[in-house]
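Peer 1: Have a look at this one.
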Amino acid sequence: MEISAVKNSYKRWAPVYDKTFGAITRIGRRKAVEYINAHQGRVLEIGVGTGLSLPHYKTHLEITGIDVSSDMLDKAREKVADLKLQHVVELREMDARFLDFPDNHFDTVVAMYLVSVVPEPEKVVAEMARVCKPGGSVLIINHFKREKGVLAIFERIFAPLSNVLGWHSDFDMNRVLGANKLEVAERKSFPPLKMFTFLLQKKAS
Ligand SMILES: C[S@@+](CC[C@H](N)C(=O)[O-])C[C@H]1O[C@@H](n2cnc3c(N)ncnc32)[C@H](O)[C@@H]1O
């Protein structure tokens with residue numbers, strides 16, 4: 001998907017996102033935030049969207065969020081202002097393929113429901129690895145394609161609609177594995193229908 005298609009798609013999604021896709025993907029966001037809250041330091045959320053996760057981070061963390069869609073970011077900024085989320089230190093419009101942060105800067109870098117949306121996901125994960133400190137965590141929450149079963153058939157049916165939906169329904173997990181210095185530490189599926197995956201990679205020290 002081209003970046004212009006991503007922006008157009010999320011311009012349409014922004015007003016309704018929290019009550020639609022945002023609502024059905026709540027479990028994954030909760031699992032990611034639970035993991036992150038149990039750790040310390042600086043957190044970078046890539047593709048922060050409307051900021052649904054932001055009110056749930058504990059205040060000992062320092063949260064930075066980036067997204068390529070100004071329409072989604074406007075919604076996140078409203079939440080930060082309304083709820084006075086002082087631990088959200090920065091929300092910036094930025095393309096995840098070209099992160100404007102130094103190497104080894106964040107303790108945790110997280111992407112929820114992003115990797116099947118971005119053009120060049122391999123480049124995004126390489127950037128996530130670059131800005132993550134040695135010993136830090138790169139966490140991905142996403143739907144990945146299945147090889148068999150009824151859901152695999154649906155995934156293939158919806159695949160050509162990626163520009164309309166705003167994401168790829170048949171995204172292969174291998175595309176986000178094996179970035180420089182990242183090793184898989186945990187991988188588990190969760191509801192609904194084990195459709196989504198919690199994929200934790202650690203950066204070698
Ligand atoms: C499905 S939404 C997920 C939003 C949020 N992470 C959540 O859990 O609700 C995908 C988000 O990724 C953003 N995105 C897509 N491509 C991007 C890119 N190259 N760089 C930064 N953000 C991107 C979209 O604008 C959108 O806000």
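No value in this document is a laboratory result; all are computed from the given coordinates. No experiment lies behind these values; they were computed from the predicted model shown. Cβ: placed from backbone, ideal geometry, glycine included. Neighbour counts: every protein chain shown.
Peer 1: Full-extension gain between residue 38 and residue 74, please, as 0.36 nm times their residue separation minus the C-alpha to C-alpha distance. Provide the component values of the computation, followed by the final result.
Peer 2: Working: separation 36, 0.36 × 36 = 12.96 nm, distance 2.83 nm.
Length difference between fully extended and current span is 10.1 nm.
Peer 1: Can you run phi through the Karplus equation (6.51, -1.76, 1.60; θ = phi - 60°) for the range 135-146 and list ³J(HN,Hα) in whole Hz, with x for Gly and Pro?
Peer 2: x, x, 10, 10, 10, 10, 10, 6, 8, 10, 5, 9
Peer 1: Something else now. With the cut-off at 1.5 for a/c, could you classify the range 25-68 from its C-alpha gyration tensor as rounded, prolate or oblate?
Peer 2: Values: a/c = 1.96, a/b = 1.15, b/c = 1.71.
Cα axes put the range 25-68 in the oblate bin.
Peer 1: Out of residues 5 or more away from residue 104 or on other chains, whose amide H comes under 5 Å of its own, with H placed 1.01 Å from N in the peptide plane?
Peer 2: 131, 132
Peer 1: Any idea what the alpha-carbon Rg over 2.2 N^0.38 Å comes to for the chain? Each step should come with its number before you reach the end.
Peer 2: Numbers: Rg = 15.9 Å, N = 205, 2.2 N^0.38 = 16.6 Å.
So the chain has a normalised radius of gyration of 0.95.
Peer 1: So if R0 is 30 Å, what FRET efficiency would residue 188 and residue 58 give, r being the distance between their Cβ atoms, rounded to the nearest 0.05? The partial results should precede the final answer.
Peer 2: Details: r = 22 Å, r/R0 = 0.74.
For R0 = 30 Å, the calculated efficiency reads 0.85.
Peer 1: Using the basic label-point model (7 angstrom from Cα toward the beta carbon), what is the residue 19 to residue 175 distance in nanometres?
Peer 2: In this crude label model, residue 19 to residue 175 measures out at 3.2 nm.
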